[in-house]
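This report concerns only the one structure given below.
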Amino acid sequence: MPLQEFPYAQGQLHCEGIPLTAIAEAVDTPVYVYSATAIRSNLRGYARSLATVPHEIRYSVKANSSLAVLALLGAEGSGFDIVSGGELFRVLRAGGDPAKVVFSGVGKTRDELRYALENEIGAFHCESSQELDVLRAVASSMNASPAVALRVNPDIDAKTHPYIATGLREHKFGIAVDEAESLYRDAGSWAPLRFTSLSCHIGSQIFDMQVFQEVLGQMLELATKLNRSAGRICTIDLGGGLAVGYRAEESSASIKTYGRMLSEAFRGTGFRLGLEPGRSIVGQAGVLLTRVLYRKPAGRKTFLVVDGAMNDLLRPALYAAHHEILPVRQDGGPQVACDIVGPVCESGDFLATNRALPPCDRGDLLAVATAGAYGFVQASNYNSRPRAAEVLVEGDTFRIVRVRETREDLVRGETV
Ligand code: LLP
């Protein structure tokens, strides 16, 4: 916040040049609306601030895996960080370059490894010696010699929500530093796997630059040490994690500051830098547009029951995440404290609680801000609710990039 690509103009909230009311009329609600310009400019922000060092940006597909978003980023030259065969399928379908794909995750199946090898992805980020065993077996059977990074667990506290912190020893992610060192020492015995990189990712929604500095220092030191004995590591991938501002008064962590810090640290080291940003590329670039179904006064508070729910945007229910609620029509009336809740039959089904909003009533539109990352991708059909549509805006035009699910979609593949 503030959201540059979602301005108020003529008393109405817009996405770029399009009033959100026009999208609601054309597509109905709930609907995710993304700004192509915002997505592109965030990616370019990374590229610009890293221009002086060899680097590769691998957009983290899990943040928003819409084909249109992937295609847009691929066309800008982005690589991709995937965590499943399904994400690889999406990247390929969107025209992404498999050579720029890295495959992370603690539980890759044999079938997923084979699929990724068939498509000659850039590198496998491996998280255990058993995974290396399986990858070696599958690769050997296919006469492939894939590039591998060991994902290291640096045992660093990301100071973020516990569900999205991944860099402490107690977490399931990565390989402990001492084990990684011994694996690299025996790198030759892992042929046909080629140990070419190191990777890590200590968590998401991180504001503290000192945390990144610490990770960075540790990874550079480890890679340098390993290269002194074995001499194979060319790339250090630092994962994603840069935070965005969810509250009106909170700015996003600066891509520019982060990029400059990384450039300074990498310059002259000979290492290539890899990054896997997700949230910082798409988070601020999307809103969930929803309509008030009912206004329901209840004692001292008022419930606004809207047509978007926890199945559409899980973050408030799952992480107690805060998303700003923006009335689409600007109205100067006296503010009222509201809980914005969905139709799902759980008290945990809220998009926001205790928010001061101008008087809203049936039919009014609200935008849930900063919903571009981990929004639609975490949607489900809970309560047999069809998943929302998605719209991509660019300047004065918009396109439906995913149609709303139908009731038929809800039972596809099922039999009585
Ligand atoms: N690389 C790896 C290996 C990851 O696991 C993740 C995110 C990223 C990159 C991208 O991190 P980002 O730049 O987006 O922080 N659903 C949660 C977030 C889960 C993040 C999981 N890993 C949420 O809604 O906050």
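The values are calculated or read from the model by the stated rules, or taken from the named source; none is laboratory data. Note that the structure is predicted; figures quoted are calculated from it, not measured. Every residue, glycine among them, receives a Cβ derived from its backbone with ideal geometry; neighbour counts consider all protein chains shown. Surface accessibility is based on the protein's heavy atoms, side chains included, excluding ligands, DNA and RNA. Shrake-Rupley method; radii C 1.70, N 1.55, O 1.52, S 1.80 Å.
Could you say which residue among Asp339, Asp331 is charged (D, E, K, R), farther than 21 Å from Arg404 by Cβ and open to solvent by less than 70 Å² (accessible area, probe 1.4 Å)?
Going through Asp339, Asp331 in turn, the sole match is Asp339.
What are the residues in region 67-119 that are more than 16 Å from the ligand (Cβ to nearest atom) and either among the hydrophobic types (A, V, I, L, M, F, W, C) or under 15 Å from the mean Cα position of the chain (by Cα) (or both), if any?
Across region 67-119, the qualifying residues are Leu67, Ala68, Ala71, Leu72, Ala75, Phe89, Leu92, Ala94, Ala99, Leu113, Leu117.
Just checking, does region 316-326 include any residue being out of contact with any Gly (no Cβ under 9 Å at 6 or more places or on another chain), away from the ligand (no atom under 16 Å from the Cβ), in the same structural domain as Pro386 (by TED's automatic domain parsing) and touching a residue at least 12 places away in the same chain (Cβ under 8 Å)?
yes
All but one of (1) exposed (fewer than 15 other Cβ atoms within 10 Å of the Cβ); (2) assigned to a loop (DSSP other than H, G, I, E, B) hold for Ala356, so report the exception by its number.
For Ala356, the exception is condition (2).
Could you list all residues from region 245-281 that are away from the ligand (no atom under 15 Å from the Cβ) and within 21 Å of Glu76 (Cα to Cα)?
Across region 245-281, the qualifying residues are Lys256, Arg260, Ser263, Arg272.
Mind listing just one residue for me: the one in region 101-133 that is over 20 Å from Pro192 (Cα atoms) and open to solvent by 30 Å² or more (accessible area, probe 1.4 Å) and, of those, modelled with the lowest pLDDT?
The selected residue is Val106.
So Thr370 clears everything in (1) at positive phi; (2) open to solvent by 30 Å² or more (accessible area, probe 1.4 Å) except one condition, right? Which one?
(2)
When only residues in region 190-215 that are away from the ligand (no atom under 13 Å from the Cβ) and among the polar types (S, T, N, Q) count, which is nearest to Arg247 (Cα to Cα)?
Across region 190-215, the extreme among qualifying residues is Gln210.
For region 385-416, which residues satisfy the criterion of being open to solvent by 100 Å² or more (accessible area, probe 1.4 Å) and either free of Cβ contacts under 8 Å to residues at least 40 places away in the same chain or not in a loop (DSSP other than H, G, I, E, B) (or both)?
Arg399, Val403, Arg407, Glu408, Arg412, Glu414, Thr415, Val416
Does any residue of region 161-169 turn out to be on the phi > 0 side of the Ramachandran plot and either touching a helix residue (DSSP H, G or I) at 6+ places or on another chain (Cβ under 8 Å) or loosely packed, with under 13 Cβ neighbours inside 10 Å (or both)?
no
Could you tell me whether any residue of region 49-59 is part of a helix (DSSP H, G or I), within 15 Å of the ligand (Cβ to nearest atom) and β-branched (Val, Ile, Thr)?
Looking through region 49-59, none of the residues is part of a helix (DSSP H, G or I), within 15 Å of the ligand (Cβ to nearest atom) and β-branched (Val, Ile, Thr).
Just to be sure, is Val306 more than 30 Å from Gly79 (Cβ to Cβ) and of a type in the set (A, V, I, L, M)?
So Val306 passes the test.
Any chance region 294-303 includes a residue that's buried (at least 18 other Cβ atoms within 10 Å of the Cβ) and either basic (Lys, Arg) or touching a strand residue (DSSP E or B) at 6+ places or on another chain (Cβ under 8 Å) (or both)?
no
Do we find that Val377 is part of a helix (DSSP H, G or I), at pLDDT 95 or above and either open to solvent by 10 Å² or more (accessible area, probe 1.4 Å) or not assigned by TED's automatic domain parsing to the domain that holds Asp28 (or both) in this structure?
yes
Any residue that is under 20 Å from Leu365 (Cα atoms), outside any helix (DSSP H, G or I) and of a type outside the set (Phe, Trp, Tyr) - is there at least one of those in region 260-281?
Checked region 260-281: no residue is under 20 Å from Leu365 (Cα atoms), outside any helix (DSSP H, G or I) and of a type outside the set (Phe, Trp, Tyr).
Could you count how many residues in region 165-189 are of a type in the set (Ser, Thr, Tyr) and within 13 Å of the ligand (Cβ to nearest atom)?
1
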